[in-house]
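The values are calculated or read from the model by the stated rules, or taken from the named source; none is laboratory data. It should be emphasised that the depicted structure is a prediction, and the values quoted were computed from it without experimental measurement. Here the Cβ is made from the backbone with ideal geometry for all residues, glycine too, and neighbour counts use every protein chain on show. Areas reflect the complete protein model, heavy atoms only, side chains present, ligands, DNA and RNA absent. Shrake-Rupley method; radii C 1.70, N 1.55, O 1.52, S 1.80 Å.
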Amino acid sequence: MSNGDLSQMSMLDLFRLEAESQSQVLTTGLLILESNATASDQLEACMRAAHSLKGAARIVGINAGIDVAHAMEDCFVAAQRGEITLRKAHIDLLLRGGDLLTHIANTPEAEINQWTGENPAEVSTFLTELKTVLENNEAEPADNAGTVLAAAVADSLANSVEPRTVVTDGRESAESAERVLRVTAENLNRLLGLTGESLVESRWLKPFSASLLRLKRLYVGTGKALDEVRESLSGLVLDERSEVALADLQHRILESQQILSERLVDLGMFDSRSTNLAQRLYHEALACRMRPFADGVRAFPRMVRDLSHSLGKQVRLEIIGETTQVDRDILEKLDAPLGHLLRNAIDHGIGFADERLAAGKPAEGVITLEARHSAGMLQIIVSDDGRGIDLDRLRQAVIDRKHTDAETANKLSEAELLAFLFLPGFTMRDTVTEVSGRGVGLDVVLNMVKQVRGTVRILSQPGLGTRFVLQLPLTLSVVRTLLAEIDGEPYAFPLAYIVRTLMLPREQIELLEGRQHFNMDGQSVGLVNAHQLLGGGEPKLKGDELPVIVVADGGNTYGLVVDRFLGERALVVQPLDARLGKVKDIAAGALMEDGSPVLIVDIEDIVRSVEKLVLTGHLSQVQRSVTTDRKRKRVLVVDDSLTVREVERKLLDHVGYAVEVAVDGMDGWNAARTGHFDLMITDIDMPRMDGIELVTLIKKDPNLKRLPVMIVSYKDREEDRRRGLEAGADYYLTKGSFHDETLLQAVVDMIGEAEA
């Protein structure tokens, strides 16, 4: 329900909510009481839960619910008074009572009348069995409390009036201390999407502020230029009108500088507040999607207890990290996989008591279910202290089921062998039981993990136990990605599927059976041109090294050749419009910090597309050698002026140099680190990073220190020339004095003609 309160819910709906909450309290308390029958806090909690359910059932007039809850409440009160001791038989029946109350509450409204009149057979049977167990209680109370309690249970069959008043101390449970609202997942998704957009919009202010800072620098430069004009005119006699105009111009420039400086300070403060507020808003909205791990695993202790008893085993479930926050969508998806893992641990892993005692272990086996945050991921661990996985038996099962031949099976590593457990239909059971043997289970785990872009691995030690480790994203709303440029467009690759990124030398590309491969850690990895999958044009790879993203899905690994890496980003996932249907090779969209859209790649789809191209023989190849055109010497031009950049680019390109441009010092630094250049030409005064800082970084970098650097500046100041040369610049030229021939001759002197 999406309304902000419970005012529009019917009384029956309220009863269902009460039953859902209190039944969980009963189950949790009873499981603890089974191992510690005198736990007073749990007896108190169970008594209160039964009392609350009795009151809720009375309000909606469900007599069967009143009788069941009343009988359970009297049982807990007697245990509190020491009149009885709760044993396994009591716990079994009381758990059944909790299940019965849940069943009553979940009855459709049209059929609810079956519980309002005379008690049905299942309710009467429960009350009779509880009465019998209480009469046969092994404890020996001084005043025949078992008989008295049984009589009270019998009375509840005929009388729905509460026979006594329960005195409470007025304390509320922790769960009721805060107001709880029920909101649909769609509303939360929309809220998170809007907060994500707000966060993106807030980051737009920073580049805008940088542009104003550049405007301020221009004003400062204009003021200095005006001062130079005045100095040059100092020897001339100007008329009064010219003197006034010149003075007025100088005053206006100074006033503009002052106003702009003040507004820049205000804008900087607003930018900081706005970004901080948007960040907090986003994290609060994200927190609304998170739930404690305990909310998704409340049913498992009961399941483990019942299943182990039915198999004649002694098993205890320990849950660690109950307060760990998990995305609600992931938590819902975890229910079936964790259930399969726990059942497997009980049936396959934990042995019978005599077997465990003979192995020097306690009779009671322990299964641990743990949730924690690790390295920006959610880690779920299911471990047991049982037999472990018999690798020889697993290898034989693989051979018997004809997944591979004996020779190959004997060469498989432990990890490769354990991977067969995730195959659909695979089982090590020879016979089918109610618990296992159908080959359904671990493939469900693997499918769920793949759906949420996670990983799963198995660790096993024979005789000591088995551990399943699920590595999952913290939330499905945000994905950590690597951005790469393909055909002039950015694409986001989820980090969970990336094995490695590397710069691959062209000479390391090999041809095997007509397909391109390269060697990575002794493994032959197929090479694929990402342009063929995601781009429409021809690849523009000019260097001797190729940027490659190695991705994996299942047992398939491929290296995708992209144009260049753009860095790592955490993106807010924006689902594509449903009217588009499934877009080939694309999973979703997102917005980058500057507000521009980016597509998130569907790695599973990419792998399928590659395999289809391989089967049809249409997979294109990456050029293994650099063409004559790519042997041109490369020059990087760094300048914040569009006019200057284009003049220098066209001039150098016209005589045969391959030219790339960068819009400021920071952009130039990133370009120099990711590409190979024979020369850098840079300005001095630029936003984010000036030319002196850029030259200093270049000359200190061990990989770039041999790169020749030419400074081209408007200013012919000795101080700037000295600073530039001290920073390591190889040449200094002023923009106001050079002609085309001057710049070209300087470039030729430094790196030679355009052709290598």
Apart from one, (1) surrounded by fewer than 17 Cβ atoms within 10 Å (Cβ to Cβ); (2) over 19 Å from GLN114 (Cα atoms); (3) modelled with pLDDT under 85 all hold for ASP13; the odd one out is (2)
Cβ-Cβ distance below 9 Å, separation of 6 or more or different chains: which pairs start in the range 276-290 with a residue that is more than 20 Å from VAL183 (Cβ to Cβ) and end on one that is of a type outside the set (A, V, I, L, M, F, W, C) and assigned to a helix (DSSP H, G or I)? ASN276/SER202; LEU277/SER198; LEU277/SER202; ALA278/THR195; ALA278/SER198; ALA278/GLU201; ALA278/SER202; GLN279/SER202
Of the listed residues (ARG241, ARG252), the one being within 16 Å of ARG217 (Cα to Cα) and either in a helix (DSSP H, G or I) or more than 52 Å from the chain's Cα centre (by Cα) (or both) is ARG252
Quick check on my filter: what residues within the range 376-395 are farther than 14 Å from LEU342 by Cβ and either under 23 Å from the mean Cα position of the chain (by Cα) or not charged (D, E, K, R) (or both)? GLY376, MET377, LEU378, GLN379, GLY388, ILE389, LEU391, LEU394
Residues that are modelled with pLDDT under 90, at least 1 per element: which helices (runs of 4 or more DSSP H) completely within the range 281-360 meet that? 294-297, 300-310, 328-344
Given the criterion β-branched (Val, Ile, Thr), open to solvent by 10 Å² or more (accessible area, probe 1.4 Å) and at pLDDT 85 or above, identify the matching residue among THR116, THR165, THR147, THR102. THR102
How many residues are surrounded by 17 or more Cβ atoms within 10 Å (Cβ to Cβ) and of a type in the set (Val, Ile, Thr) when one looks only at the range 305-335? 4
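Can you tell me which residue in the range 244-253 is farthest from ILE684 (Cα to Cα), limited to those that are out of contact with any Phe, Trp or Tyr (no Cβ under 7 Å at 6 or more places or on another chain) and surrounded by 13 or more Cβ atoms within 10 Å (Cβ to Cβ)? Give the derivation first.
Of the range 244-253, the ones out of contact with any Phe, Trp or Tyr (no Cβ under 7 Å at 6 or more places or on another chain) are 244-252.
Now restrict to residues that are surrounded by 13 or more Cβ atoms within 10 Å (Cβ to Cβ): 246, 249-250.
Details: LEU246: 29, LEU249: 27, GLN250: 26 Å.
Per the criteria, the residue is LEU246.
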As an exercise: evaluate GLU604 against (1) under 34 Å from the mean Cα position of the chain (by Cα); (2) of a type in the set (Asp, Glu); (3) open to solvent by less than 20 Å² (accessible area, probe 1.4 Å) and give the number of the one condition it does not meet. (3)
Residue within the range 52-61 that is over 38 Å from the mean Cα position of the chain (by Cα) and not in a helix (DSSP H, G or I) present: yes
Residue count for the range 189-207, restricted to those that are open to solvent by 80 Å² or more (accessible area, probe 1.4 Å) and either at pLDDT 75 or above or closer than 15 Å to VAL265 by Cα (or both): 3
Please list, ordered by first then second residue, the pairs with beta carbon atoms under 6 Å, 6 or more apart or interchain, first in the range 699-715 and of a type outside the set (Asp, Glu), second modelled with pLDDT of 85 or more and assigned to a loop (DSSP other than H, G, I, E, B). LYS699/LYS705; LYS699/GLY728; PRO708/ASP730; VAL709/ALA729; VAL709/ASP730; ILE711/ALA729; SER713/ILE684
Inside the range 469-578, counting only strands (runs of 3 or more DSSP E) that do not spill past its ends, which hold 2 or more residues that are crowded, with 18+ Cβ neighbours inside 10 Å and at pLDDT below 85? 478-486, 564-572
Which numbered condition trips up GLY82, out of (1) surrounded by 23 or more Cβ atoms within 10 Å (Cβ to Cβ); (2) in a loop (DSSP other than H, G, I, E, B)? (1)
